[in-house]
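Encoded as structure tokens, the structure appears first; notes follow it.
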Amino acid sequence: MHRAPQMTLPRGSKYLQCTWEKAYQDHRKKVRDAQPLVDTRAPLCLRHLPLNIKKLKLEEERLSVIDRDNYLLLEKVSCIMRTRGQTDNRNDYTHRSLNRGNREQELHRLQRKNKIILGRITNSEPVYQARKWQEDWARTEKDQDTLMKYHGRQQTCKGKRN
């Protein structure tokens, strides 16, 4: 049996040292004999639960679908092997839209609306008066010339005289 390590500190009494060693030995024995608190065993197996009839039926149906598909593929492959295996990739059908009439009606309606809007735009009178703009611009240029004459005699930039 493992002996407790001797204490490096001087002991007060031999009786006290014996008591400590006994307590330590009891502790080591309890640690060694301790049982796990977590149950790691497999769960109980109930007899009525493993037999899932619906799951078995669905699996059987899935397997039958797979078998049928495999049979159809085998038939196609054997047909290809018996013949020369040529493919028919000609697309000689015309594309017919079920919505063509509605789309054409909508297009004609939009074209009529656009024509009406274009007529209203071309027949409307202009809101802006170009002659008034020209008069305002002429007045602005005149004011600028007057200001330049006045400021030209006084000073230019940075306070220098002409």
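The values are calculated or read from the model by the stated rules, or taken from the named source; none is laboratory data. Note that this is a predicted model, so its numbers are computed, not measured. Positions of Cβ are generated from backbone atoms using ideal geometry, with glycine treated the same way; all protein chains shown enter the neighbour counts. Accessible surface is based on the protein model in full, side chains and every heavy atom, while ligands, DNA and RNA are left aside. Shrake-Rupley method; radii C 1.70, N 1.55, O 1.52, S 1.80 Å.
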Carbon and sulfur %, accessible surface of the range 86-157 computed with the full protein complex present, 1.4 Å: 52 percent
Tell me, what is the per residue accessible area of the range 21-148 in Å², probe radius 1.4 Å? 109 Å²
Under 12 Å, Cβ to Cβ, from GLY119 - net charge with Lys/Arg +1 and Asp/Glu -1: +4
Taking all protein chains together and a probe of 1.4 Å, list ASP136, ASP145, ASP92 from the most accessible to the least accessible. ASP92, ASP145, ASP136
What are the radius of gyration and Dmax of the range 21-162, computed over its Cα atoms and given in Å? 49.0, 120
Treat each spin label as a single point 7 Å out from the Cα along the C-beta direction, and report the ILE116 to THR94 distance in nm. 3.4 nm
Name the trypsin sites (Lys or Arg not before Pro) in the range 8-111 that are in a loop by DSSP and that have at most 11 other C-beta atoms within 10 Å, would you? ARG41, ARG47, ARG84, ARG90, ARG96
Rounded to whole Hz and in sequence order, give me ³J(HN,Hα) for the range 106-119 from the Karplus expression 6.51 cos²θ - 1.76 cosθ + 1.60, θ = phi - 60°, writing x for Gly and Pro. 5, 5, 5, 4, 5, 5, 4, 4, 5, 5, 4, 5, 5, x
Taking the Cα centre of the range 99-148 as the origin, how large is its charge dipole in debye, to the nearest 20, when only Lys and Arg (+1) and Asp and Glu (-1) carry charge on their Cβ atoms? 680 debye
Taking the Cα centre of the range 16-108 as origin, work out the dipole magnitude from +1 charges on Lys and Arg Cβ and -1 charges on Asp and Glu Cβ, in debye rounded to 20. 340 debye
Determine the shape class of the range 41-119: with a ≥ b ≥ c the square roots of the Cα gyration tensor eigenvalues, call it rounded for a/c under 1.5, and otherwise prolate if a/b is greater than b/c, oblate otherwise. oblate
